[in-house]
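To start, the structure under review is shown below, and the notes come after it.
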Ligand SMILES: [Zn+2]
């Protein structure tokens, strides 16, 4: 599983280095980074207003991408030319008509929405006032493979559960990621009779400080229209609680949040117990219909049989739009997240123009609504525009972060399928090492579009620039996440490394070509947890 760290026997390393040198000398260079940056400049320009799903800005971005795909000679493979329309419902909390309070001994202590907590509109919250007892359920996870059950032995019928985001340290990354998805989490909570959830972000693994998380709390969230997409049916109330104010929840329980956070920091087992306070809450939401689209383009394969199979390169084009100003800037440009990835996809698509095509077809799937919870890719995976069994792999690009010279690539899903091995070879050809995710607590494996494909049985990987723990690069990445991730400063004024981006594109192109040219379809590893989703197994 992915806990295994990448081991690199030295003789093998020498051989790879030799191969890399040879390749670098003889290999064709397809990318310089300049055309990539020109695409990023268009997509992340202020006039595209942060490319929110359903917005005019995203429509402009999509028209640009379609234009580039046409220039590259790709074939339309959507349901309406290059487009695959997708319908959404958007939900917005009306805080002035909503409230939440902690009740203890008949006294109500109102919560300040934004400071103490906010309503999560990812679920279709009940319009009725709700009062229920609270139970702290540790990480709130049920992981049968680990014989781990935070819900066992607790009376949770009609209760609201409070949990700390994260998982115990001995949980393999893949299991940890999978069981923390909204869908899986709610499945076990619902079965236990739970009616609502209060999530406390783990202070030890928060990407974004609370002050910035809470800024976007009234921003509309979206869901796919269609019964097949309702993942939280029965969830009446959902709050996210500020860890800095979380002692309020634990008052009178015999435990403190300080104690919980200290255990959670090292992912130690957590106690589970009823809380002394109840919650009374009432949420008012405004809903409306939104339409957007995925873009699907095909580079036809060159082999008469294999061309009927597809290697997907996915990237999301949407970002979070216009939001609360930070330092006077309200446009969340999403230059690295993920104009950069969409730009790389366009560049890679164009690189096969007037070149022999790989044997399998390559399907460029440029999705919308990733920022709304992987919704565009979820829709595509559920309603693919090519036969679902013909999709052999997904390689996803999302926020690959060419902000340092490229030395090591972090491969999400490295140990799950032989795509991890192929990615290692492709990187080695350009003198780049690979590593498993050194920050499994960030749950990145389920936080981008590859996960939609994985749930449909398709072996998938996502590649990002990485860093060696303790290196100066680590500080660069940490700073980027804290300051620029999902902030207006992820814009065109930030420093980027174009040469890194170009090498990244070469590696991705090589990886796609290898997958497309290898006779055997990619396979899940026999011990991969995600193998269970593969059809017919
Ligand atoms: Zn994002």
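Quick notes on this one:
- Odd one out for residue 470, checked against (1) at pLDDT below 95; (2) on the phi < 0 side of the Ramachandran plot: (2)
- Scope segment 234-265; condition part of a loop (DSSP other than H, G, I, E, B) and in contact (Cβ under 8 Å) with a residue 60 or more places away in the chain; matching residues: 235, 236, 242, 251, 252, 253, 255
- Residue identified as surrounded by fewer than 23 Cβ atoms within 10 Å (Cβ to Cβ), assigned to a loop (DSSP other than H, G, I, E, B), within 16 Å of the ligand (Cβ to nearest atom) and within 22 Å of the chain's Cα centre (by Cα) among 486, 456: 486
- Evaluating residue 156 against the criteria (1) in contact (Cβ under 8 Å) with a residue 40 or more places away in the chain; (2) farther than 19 Å from residue 260 by Cα; (3) assigned to a loop (DSSP other than H, G, I, E, B) leaves one unmet condition, (1).
- For segment 166-184, the criterion of being modelled with pLDDT of 95 or more and not in a loop (DSSP other than H, G, I, E, B) is satisfied by no residue at all.
- Identity of the residue in segment 365-394, more than 16 Å from the ligand (Cβ to nearest atom) and part of a loop (DSSP other than H, G, I, E, B), that ends up surrounded by the fewest Cβ atoms within 10 Å (Cβ to Cβ): 387
- Residues that are over 27 Å from residue 34 (Cβ atoms) and part of a strand (DSSP E or B), drawn from segment 313-348: 322, 323, 324, 325, 326, 330
- Here residue 448 passes the criteria (1) closer than 30 Å to residue 496 by Cβ; (2) away from the ligand (no atom under 16 Å from the Cβ); (3) in a loop (DSSP other than H, G, I, E, B); (4) touching a helix residue (DSSP H, G or I) at 6+ places or on another chain (Cβ under 8 Å) except the one numbered (2).
- Some residue of segment 519-529 being part of a helix (DSSP H, G or I), more than 30 Å from residue 216 (Cα to Cα) and either within 16 Å of the ligand (Cβ to nearest atom) or within 23 Å of the chain's Cα centre (by Cα) (or both): yes
- Top-ranked residue of segment 296-349 - restricted to ones that are surrounded by fewer than 24 Cβ atoms within 10 Å (Cβ to Cβ) and free of Cβ contacts under 8 Å to residues at least 60 places away in the same chain, ranked as nearest to the ligand (Cβ to nearest atom): 328
- Of 434, 411, all but one fail to be within 23 Å of residue 516 (Cα to Cα), crowded, with 24+ Cβ neighbours inside 10 Å and in contact with a helix residue (DSSP H, G or I) (Cβ under 6 Å, 6 or more places away or on another chain); the exception is 411.
- Residue 157 at pLDDT 95 or above, closer than 27 Å to residue 528 by Cα and surrounded by fewer than 18 Cβ atoms within 10 Å (Cβ to Cβ): no
- Tally of residues being within 12 Å of residue 445 (Cα to Cα) and either more than 16 Å from the ligand (Cβ to nearest atom) or modelled with pLDDT under 95 (or both) across segment 395-414: 5
The values are calculated or read from the model by the stated rules, or taken from the named source; none is laboratory data. Predicted model only: the values in this text are computed from it and were never measured. Backbone-built Cβ (ideal geometry, glycine too); neighbour counts: all protein chains shown.
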